[in-house]
Structure formats: C-alpha cells, structure tokens
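*Asks:* The structure under discussion is supplied below as structure tokens; questions concerning it will follow.
The values are calculated or read from the model by the stated rules, or taken from the named source; none is laboratory data. Since the structure is predicted, the reported quantities are computational estimates derived from the model, not experimental observations. Don't worry about glycine lacking a Cβ; one is built from the backbone with ideal geometry, like all the others, and counts go over all protein chains shown. Surface areas here come from the heavy atoms of the whole protein model, side chains and all, with no ligands, DNA or RNA. Shrake-Rupley method; radii C 1.70, N 1.55, O 1.52, S 1.80 Å.
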Amino acid sequence: PIRWHLYGYGRPTTPCVESLGDAVIVFSNVTAAAVYTAQAIPLMMTPATLEEPDDMRYSFSQVLASLGFRATLFSNQERMGRFSAPGSVVFAGCEELVFLNETNRQGVWYDDALLPYLTRELSASGEGHPKVVFLHLKGSHVTTAERYPPDFAPFDVTPMRRSREWVDMAKMSGHYDNSIAFTDRLLGEVVKTLQKKNGPAWMIYLPDHGDTPDAEGWRTVTSRQMWEVPMVV
C-alpha cells in the first residue's frame, strides 16, 4: 500500500475511503500470495497452495453457494488470458459471470463500468437469499495511464504515448497515483450503493498483489511493494 494516503503516503490518494471514518476497518501487514493474477487468485479462492498450485477441487464461490448465498462475478479482466486467472474455474460457484474484456469487445473499459452491474444485482429479487458480489477490478495494472478516464486526473502526470512507455516507471508515477485515486473513488461509490440497501452490508477490498511504481523497472518481484497490499472492510 505504498501509494495509499490511508497508509501514510504523502499525496491524498484515498480521500473517499478516509471520509468514511470509523466505518472503515484498516488492516496492516497483509501479504499477497503471489505477484501475478493467474497464480494469486487461485491461491486466494481455492484450496491451492504454493506447494500444490493445481489443487482447485472447489472454490470459495462454490462454498458460498452450498451455504445458500447467491454469488455473482462482474470482472473488468479477461475470462482467460496469459496473466489472468481461469475465471470459469475459480468462480465456478457463481450464478452469473460477466467479463467486460471479452475478446470481441473493443476499447478501454474503466473499473466504474462495473457499478451498474452491482446496482442491478442488489436491486434484483433474491428470494431472501444473502448475496455476495465479486467485483474484479483492473485497478492499477499496467499500463496505469489507461486505468482512469482522461477527465479524472487529480495529480499531474508526464505525457505518455499510452501503451508504448508503460515500462518507464518514472513517467508512470503520476499515472499510478491517479489510478489509486480512481479506485478510491470507485470504492466510495460502492459504499454509497450499499448504504441504500436495507439490512447489513459489507464491502471487503483486497488486491491480489502489488506493483513497484518506485522501482527502476516494472514489477521488481523482490520488492516489498509487490507483496504488501492494502485491505479495508
């Protein structure tokens, strides 16, 4: 959480989460299971371990379904890709799976495109069943210059030819802070949506891994920034 103001970073990158005050539980010393999504998500969501990475006999979503929950997944990542987890396996217990970045879709999809799906799911009748909604964000994945819309830029950035210079972390720094701030704003909108519902509601935010915006190169896997992640409830 090196770029989260909530965790001590100098720039105000997390005003929305911080404005929630005592309603937020902030966890420290949270460690990622791996440093890329294809491995991290199965380790988080199935019995898979570093010693037995293929042990995906069941998933957390299947456990939820067996307990009477309606689980759904709305993802801004790919269903299956080089760096993405096999969503059809990891989220096998979900009654609905939507992937915005299907191969036949064009353009850049920002994470706030998931909000209408959350609103729709919470508004739909569920026959009294509790619901768990998974929102799988792009967050601050490279290239971070493409993780927030052009009209949202609270921090100055170095002009970039997007997608061409994403390995230049010095140029990416301001974009990384803007992507964190955009995620913060999204989390604020999720909370507002939940507050409109009657009854108890929780939001848990947990990235699958970090990144190294302060390093000389992209994803220095030996850096603590890759492994130390924020977690807020």
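*Asks:* Keeping all protein chains in place, calculate the accessible area per residue for the chain (probe 1.4 angstrom), answer in Å².
*Replies:* 53 Å²
*Asks:* Let me spell out the model: positive unit charges on the Cβ of Lys and Arg, negative unit charges on the Cβ of Asp and Glu, origin at the Cα centre of the chain. What dipole size does that give, in debye rounded to 20?
*Replies:* 400 debye
*Asks:* Taking R0 as 30 Å, what FRET efficiency do you get between VAL26 and GLU52 from their Cβ-Cβ distance, rounded to the nearest 0.05?
*Replies:* E(calc), rounded to 0.05, equals 0.40.
*Asks:* Further question on the same structure: Taking the structure as given and computing mean projected area of the Cα convex hull in nm², which label from (1) 13.3; (2) 18.0; (3) 14.6 fits?
*Replies:* After the calculation, the listed value that fits is (1).
*Asks:* Turning to a different aspect of this structure: Please name which of VAL142, PHE99, THR212 has its Cα lying farthest along the dipole of the chain towards the positive end, using unit charges on Cβ (Lys, Arg +1; Asp, Glu -1) and the Cα centre as origin.
*Replies:* About the Cα centre, the residue reaching furthest to the positive side is PHE99.
*Asks:* Moving on. How much accessible surface does MET56 have with a 1.4 Å probe, in Å² rounded to 10?
*Replies:* Counting only protein heavy atoms, the figure is 60 Å².
*Asks:* Enumerate lysine pairs in the chain that are 8 or more residues apart or on different chains, then count those whose Cα atoms are under 23 Å apart.
*Replies:* Lysine pairs satisfying the spacing and distance rule in the chain number 5.
*Asks:* Which one of GLU52, GLU121, GLU18 has the biggest mean-square fluctuation once the chain is modelled by GNM with Cα springs under 10 Å?
*Replies:* So, out of GLU52, GLU121, GLU18, the one fluctuating most is GLU52.
*Asks:* Give the long-range amide H neighbours of ALA71: residues separated by 5 or more places, or on another chain, with amide H under 5 Å away, using H modelled in the peptide plane at 1.01 Å from N.
*Replies:* Residues meeting the amide H criterion: GLU95, VAL132.
*Asks:* Could you pull out every residue, at least 5 positions away or on a different chain, whose amide H is within less than 5 Å of the one on TRP4? Hs are placed 1.01 Å off N in the peptide plane, and Pro or chain starts have none.
*Replies:* Residues meeting the amide H criterion: TYR9.
*Asks:* Considering only DSSP beta bridges where both residues belong to the chain, give the percentage that are antiparallel (nearest 5).
*Replies:* 35 percent
*Asks:* Using protein chains only and a probe of 1.4 angstrom, how many square angstrom of TYR58 are accessible, to the nearest 10?
*Replies:* TYR58 exposes around 110 Å² with every protein chain in place.
*Asks:* Now a separate question. For the chain, modelled as a Gaussian network with Cα springs under 10 Å, which listed residue fluctuates most, VAL191, VAL132, VAL24?
*Replies:* In this elastic network of the chain, the residue with the biggest mean-square fluctuation among VAL191, VAL132, VAL24 is VAL24.
*Asks:* Which value, in Å² rounded to 10, gives the accessible area of THR144 with a 1.4 Å probe and all protein chains present?
*Replies:* Roll a 1.4 Å probe over it and THR144 shows about 0 Å².
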